[in-house]
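Notes follow the structure.
The values are calculated or read from the model by the stated rules, or taken from the named source; none is laboratory data. Just so it is clear, the structure is predicted and the values come from calculations on it, not from any experiment. With ideal geometry, Cβ positions are generated from the backbone for all residues, glycine too; neighbour counts draw on all protein chains shown. Surface areas here come from the heavy atoms of the whole protein model, side chains and all, with no ligands, DNA or RNA. Shrake-Rupley method; radii C 1.70, N 1.55, O 1.52, S 1.80 Å.
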Amino acid sequence: MKSNLYNHPFFISIIVALLVNINGIAQQSDLSNYRTRFDFKTVKQVDNSRLLEVTFMALNKTDRKDQLPVYEAEIQFFNILNDEEMLLGTSKTSNEGIAQLILPENQKYRTDGEGYINLRARFNGTAALSEEEGDLMVKDLHLDLNLTEIDSVKTVTLTAFTVDSLGVKTPVSDVDIITYVKAMLSKMNIDEGTISDGEYSFTMPQNFAGNPQGNLTITSIIDDNDEFGNIIQEKTVHWGTFNKPLKQDKNMLWTKAAPIWMYVVLTILLLGVWINYIYTIANLFIIKKEGDNLSSEPKKNYTVK
Amino acid sequence: MQLDNRKRELVKEFSPMLEKTSLLTKIWIVTLISIISVGIYAFVIQFKEGHIVTGMRDNVVWGLYIINFIFFVCLSYSGAFISGILHFFRTPWKNSVTRIVEIITVLSIIVGPIFILLCIGRLDRLYFLFLYPRIQSPITWDIIAIITDLVGCFIYLYLTFIPDFAILRDSPDLKLPSWRKKLYKYLAINFQDTPDQRKRLHNTTSIMSKMVIAMAIVAYTVLAWIFSLTLQPGWNSTIFAPDFIVAGLYSGVSVIIIAMYLIRKYFKLEKYIVKSHFIMAAMVLLVLSLLLGYFTFSDYFAKWFSHKIADIDLLHTLFGHYFWMFILANYVGFIIPLVILSIKKLRTIKLITFAALIAVLGLWLNRYLIVIPTLETPYLPIQDTRPEFIQYTATWVEWSLSFAGIAAFLLFFTLLIKFIPIISMSGIIDDERRKLKTKEDANKSISYK
């Protein structure tokens, strides 16, 4: 039997073109096309715990958009001093390629002579992926956020200091800090400044709505500082001026009786129309009466001829 | 005396319409009665079995009946509007069409509300609407508007008929049964065409013509609000009220064109219904098609652009399941009349009538698309997934009753034009009287010089 396909060269050529198209061939994953990125960072969190985080990605060398997370990779986190490694913990990368380890506030760290904590994250490598390692050194900074209201002036005060092995507090200087207010979807920047002699303060702008209870969450962040890394401090305070509606709207249409204006409008409209009808009918009676008066006169008939 | 002769001529000219019933007319009447009988049978079934014999279910609670209701009621309002305009502006060519318009107005306001009664599941509770009306409800407003409009249209129609009844009463040689002559006498209320009576009747009719224009706008708006004041996707639109007015006028003018064509053809009234009547109506229809097309586009474009989930679901339904109906209603229904009416060479009587026919069909489908797809895409997902609960399909009962409604409209129209001349004789006489007076005034002014 002869195939009908030969009768349709146009469609055949399209199918053939699709079959030989390089994009139509299933791609093979070839790791030689990728290089890996191993980012290590630390964040001192609101509760003074410390987050150690590694982002492990495979990036295509030619296509920047092609980024693959390396998941289920075991990452070891160390505190190091003089080439001696102390294991802090291990964590596996998630489906997004992120491994996290949270160390509690009372975690003891070994520090060097200058007071730096030296941290290391390591991936030991597999047959397919080579070993990766990242180092960090940060000083442990204590950041306090104080919110005070004196004579209706709301003031945000930030104090920052380091504590040495003897327990002596040393105020820090030249550290940039940004303060935000938490909004429904994102953070709203309200102030940017620099800590000097361990302190920075500013007057809180007025008229933030806050949540329905009138609470505001204020967050101060030291972002990627060379010496101290990332530090976040946060507090919630009843400074919001959430305006409750004075009177809850009632849907008048659900009530038993309609709003008065509705009765008024309807009555006016109906009266207007029906009075006109009555007037018209009255006129018809007058016309009839006029006709009755004429009835004594001879009527004119139109004869069809 | 000259005018009395003219009256005689007119009675002589139109008497065959009133006196004789041709075989074709008889067949036509029997056919219409047969269609109505099938409709009555369908109604009995619906009354006994309930709405289960229709395609209406828990979600799609409105079907063909409400579409026909909107269509007929809009037709009536547009008739009242056009008739009022014709009378108010004393349009010189109105005599040939005004009676057609008035009859369409009254008959459609009678037939339209019957469909809403068919839509009510518990007719035995109908009186609750009057016992416990909720003034807040647009349904109550609509009932008030329809009843008021019905009474107003009857009065207006009667006012325009009185002088013709008087002419027919004063024509003893008309070969009509005595009951009809008595009826003409009774309905003519002793109108003797005196200047006083004429003036009074004219003033009253003039006021009523303004009233029916205002009432038509109010009633149209209330009808549109039944839909647009609900939060249903596709209905909650501010453009609905003006859109209903324009759509109603569009269908009204189209039906008038079709009626003019058929009446002109059947009664051989080429002398009275001339090409210029069709051209005038075509121009009005052209403007209305442009306006309605613009309103429709604006409404759907706003829905598409705002990208609200419910509206997008509705648009998916319209462009999916109802794709061809949407094309027919909103493209073919506007574009074909637009092309025919905007090209001068195409503006022949037959093509104008064809354009009007397309416009009527397109507009009926447009009403279908307003009602059904919206009810098929509610805010909450439909719980019962049986196909008949998700998609509406009209049953034979609904189609029978729909056709019965159309047949009843046509039957009443046929009977009414057997009762009163389709061309207003008194209107022609009035025009000639006015011309005569102008001529006399002109002669007087010449003689004074």
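Quick notes
- Just checking the listed ones, B:L351, B:L201, B:L23: in the Gaussian network model of chain B with Cα springs under 10 Å, the one fluctuating most is B:L23.
- Accessible area, probe 1.4 Å, largest first, for residues B:Y266, B:Y294: B:Y294, B:Y266
- The simple spin-label model puts a point 7 Å past each Cα toward its Cβ; for A:E114 and B:I327 those points are separated by 7.6 nm.
- Phi-derived couplings, Karplus 6.51 cos²θ - 1.76 cosθ + 1.60 at θ = phi - 60°, listed residue by residue for segment A:106-118: 8, 4, 8, 10, 8, 10, 7, x, 8, x, 7, 8, 9 Hz, with x used for Gly and Pro.
- Inter-probe distance in nm under a simple model that places probes 7 Å from Cα toward Cβ, at A:K235 and A:A128: 5.0 nm
- Average other protein chain Cβ within 10 Å of Cβ, residues A:281-292: 6
- When the Gaussian network model of chain B links Cα atoms closer than 10 Å, the mean-square fluctuations of B:F69, B:F403, B:F130 top out at B:F130.
- Averaged over the residues of B:135-148, the number of partner chain Cβ atoms lying within 10 Å of the residue Cβ comes to 3.
- Potential extension, B:W93-B:T438 segment - 0.36 nm per residue separation minus Cα distance: 122.4 nm
- Among the DSSP helices (H) of chain B, those spanning at least 20 angstrom by Cα along their long axis with an average Kyte-Doolittle hydropathy of -0.5 or more are B:23-49, B:64-88, B:95-119, B:138-169, B:195-228, B:240-267, B:275-306, B:349-376, B:396-419; this is a geometric and hydropathy rule only.
- Note on the protein assembly as shown: with charges restricted to the Cβ of Lys and Arg (+1) and Asp and Glu (-1), its dipole about the Cα centre is near 8380 debye.
- Relative frequency of Cα-Cα separations exceeding 18 Å in segment A:100-232, percent: 64 percent
- Highest mobility in the GNM of chain B, judged by mean-square fluctuation with C-alpha springs under 10 Å and restricted to B:S96, B:S171, B:S237, is found for B:S171.
- Where only DSSP H runs of four or more residues are counted, chain B gives -26000 deg cm²/dmol as its mean residue ellipticity at 222 nm, each run worth -39500 (n - 2.57).
- Between B:S22 and A:I178, the simple spin-label model (points 7 angstrom out along Cα→Cβ) gives 8.9 nm.
- For a label point 7 Å along the Cα-to-beta-carbon line of B:K308, residues of segment B:235-261 with backbone N under 17 Å: B:235-241
- Here's how it looks for A:I190: its modeled amide H is under 5 Å from those of A:T179, A:Y180, A:V181, which are all 5 or more places away or on a different chain.
- Taking a ≥ b ≥ c as the square roots of the Cα gyration tensor eigenvalues, segment B:1-153 comes out oblate, since a/c reaches at least 1.5 and a/b does not exceed b/c.
- For segment A:37-83, the spread of Cα positions along each principal axis, largest first, Å: 40, 30, 18
- Packing around the peptides B:359-368, A:158-167, taken as the average count of other Cβ atoms within 10 Å per residue, puts them in this order, highest first: B:359-368, A:158-167.
- For B:K12, solvent-accessible area (1.4 Å; no DNA, RNA or ligand), Å²: 110 Å²
- Of the residues B:K345, B:K350, ranked by 1.4 Å probe accessible area with the largest first, the sequence reads B:K345, B:K350.
- Cβ charges +1 (Lys, Arg) and -1 (Asp, Glu), total dipole of chain B, debye: 2060 debye
- Calculated translational diffusion coefficient of the protein assembly as shown (20 °C, 1.002 mPa s; Stokes-Einstein with Kirkwood radius over alpha-carbon pairs) equals 62 µm²/s.
- Lys/Arg +1, Asp/Glu -1 at C-beta; the protein assembly as shown dipole; positive extreme among B:W28, B:V38, A:I98: B:W28
- Cross-link pairs beyond the 27 Å C-alpha cut-off, checked among A:K256/B:K308; B:K20/B:K181; B:K12/B:K437; B:K94/B:K418; B:K94/B:K265; B:K7/B:K435: A:K256/B:K308
- Solvent exposure ordering (accessible area, 1.4 Å, most first) of B:I226, B:I139: B:I139, B:I226
- Segment B:378-447 and segment A:145-221 have Cα centres separated by 77 Å.
- Segment B:255-321 and segment B:56-77: distance between their alpha carbon centers, rounded to Å: 18 Å
- Once C-alpha pairs closer than 8 Å and six or more residues apart are averaged by separation and normalised to the residue number of segment A:30-139, the relative contact order reads 25 percent.
- Here the relative contact order of segment A:60-212, from alpha carbon pairs under 8 Å that lie six or more residues apart, stands at 14 percent.
- 5 angstrom amide H check on B:S424, placed H, neighbours 5+ away: B:R99
- Dipole magnitude for segment B:1-65: about 220 debye, using +1 per Lys or Arg Cβ and -1 per Asp or Glu Cβ, origin at the Cα centre.
- Cα gyration tensor shape for chain B, rounded if a/c is under 1.5, else prolate or oblate: prolate
- Per-residue surface analysis assigns A:E96 an accessible area of about 120 Å², computed on protein heavy atoms at 1.4 Å probe radius.
- Segment B:233-378 shape via C-alpha gyration tensor axes, a/c threshold 1.5: prolate
- Positive-end residue of A:S49, A:I80, A:G167, charge dipole of segment A:36-184 with Cβ unit charges: A:S49
- A probe of 1.4 angstrom, applied to the heavy atoms of all protein chains, finds B:W141 with accessible area near 40 square angstrom.
- Ordering of A:134-144, B:327-337, A:273-283 by packing is B:327-337, A:134-144, A:273-283, highest average first (other Cβ atoms within 10 Å, averaged per residue).
- Minimum 50 Å² accessible area buried by the other protein chains, segment B:188-215 residues, probe 1.4 Å, relative to alone: B:I189, B:N190, B:Q192, B:Q197, B:R200, B:T204, B:M211
- Average partner coverage of A:268-280, which counts Cβ from other chains inside 10 Å: 4
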